[in-house]
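See below for the structure under consideration.
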Amino acid sequence: MQEGFVIWFTGLSGSGKTTLAREVERKLRARGMRYVQRLDGDVVRQDLTRDLGFSKEDRDENIHRVTFVAELLSKNGVATTCAFISPYREARETARARGHNFIEVYVECPLATLIERDPKGLYKKALSGEIKGFTGIDDPYEPPKNPEIVVHTDLETVEESTAKVIAFLEQSGLISIENDSIASARVFVAEGE
Ligand SMILES: Nc1ncnc2c1ncn2[C@@H]1O[C@H](COP(=O)(O)OP(=O)(O)OP(=O)(O)O)[C@@H](O)[C@H]1O
Ligand SMILES: [Mg+2]
């Protein structure tokens with residue numbers, strides 16, 4: 001049976017959690033993994049946790065419910081990606097304790113770049129006071145202290161950040177090593193012959 005795991009992306013809004021979770025998911029499927037599931041704040045908050053807001057209590061409850069699902073999936077052989085701002089360290093530590101093969105990815109990006117990116121126009125609203133309690137502006141974000149992986153999305157391409165996650169999975173023995181360099185070297189030799 002396929003070994004389950006949880007790849008937990010945490011970081012500010014617009015840092016790249018959804019983008020990377022989708023890309024990692026795509027790469028895993030391309031390798032023939034059949035059981036892959038993404039849990040994403042963008043989707044979960046419209047369904048499983050649609051009754052919740054953005055107070056500390058509600059944010060903790062949001063992560064609590066997702067942790068429950070991620071635990072079930074990962075313990076049953078599913079490659080699970082989680083994309084949540086998840087600003088509070090303690091809630092993430094609970095997710096770590098309950099998830100099977102938990103890998104925390106800190107999706108790091110300076111606030112100035114995020115304000116510039118502003119893919120959803122939320123920073124503009126938060127800075128003008130239209131939205132209150134926005135993480136990174138007037139609500140806290142507690143960065144991970146010992147994440148397995150840190151990606152710097154202001155400096156790396158999506159491809160590079162994704163490659164870091166895939167390499168970690170390979171090195172941990174959670175997915176098999178696919179040696180692209182050997183494969184491309186073979187092609188080169190074949191063409192030269
Ligand atoms: N290395 C990178 N990794 C991920 N995203 C990147 C990278 N470089 C640039 N980007 C861009 O940053 C944006 C990230 O947006 P995305 O929706 O993934 O953020 P998010 O963290 O899911 O935000 P939210 O918490 O609001 O859902 C995208 O427009 C993406 O193309
Ligand atoms: Mg997102």
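Testing Trp8 on (1) within 16 Å of ligand 2 (Cβ to nearest atom); (2) loosely packed, with under 15 Cβ neighbours inside 10 Å, one condition comes back false. Which one is that?
Condition (2) is where Trp8 drops out.
Among (1) modelled with pLDDT of 95 or more; (2) in contact with a Gly (Cβ under 8 Å, 6 or more places away or on another chain); (3) more than 19 Å from Gly4 (Cα to Cα), which single condition is Pro119 missing?
Result: Pro119 fails condition (1) only.
Could you tell me whether the stretch 50-71 includes any residue that is within 10 Å of ligand 2 (Cβ to nearest atom) and touching a residue at least 40 places away in the same chain (Cβ under 8 Å)? Don't jump to the end; show me each part of the working.
Going through the stretch 50-71, the residues within 10 Å of ligand 2 (Cβ to nearest atom) turn out to be none.
No, there is no match, as no residue in the stretch 50-71 is within 10 Å of ligand 2 (Cβ to nearest atom) and touching a residue at least 40 places away in the same chain (Cβ under 8 Å).
Give me the pairs: first residue in the stretch 1-21 and within 15 Å of Ile63 (Cα to Cα), second residue basic (Lys, Arg) and within 6 Å of ligand 1 (Cβ to nearest atom), beta-carbon distance under 7 Å, and six or more apart or on different chains, which are they?
Pairs found: Phe9/Lys17; Gly11/Lys17.
Can you spot a residue in the stretch 103-116 that is touching a strand residue (DSSP E or B) at 6+ places or on another chain (Cβ under 8 Å), among the small types (Gly, Ala, Ser) and modelled with pLDDT of 95 or more? Steps first, please.
Let us first name the residues in the stretch 103-116 that are touching a strand residue (DSSP E or B) at 6+ places or on another chain (Cβ under 8 Å), namely 103-109.
When the remaining residues are screened for being among the small types (Gly, Ala, Ser), the result is none.
No: zero hits.
The values are calculated or read from the model by the stated rules, or taken from the named source; none is laboratory data. All figures in this text were calculated on a predicted structure; none of them were measured in a lab. Positions of Cβ are backbone-derived with ideal geometry, glycine not excepted, and every protein chain shown enters the neighbour counts.
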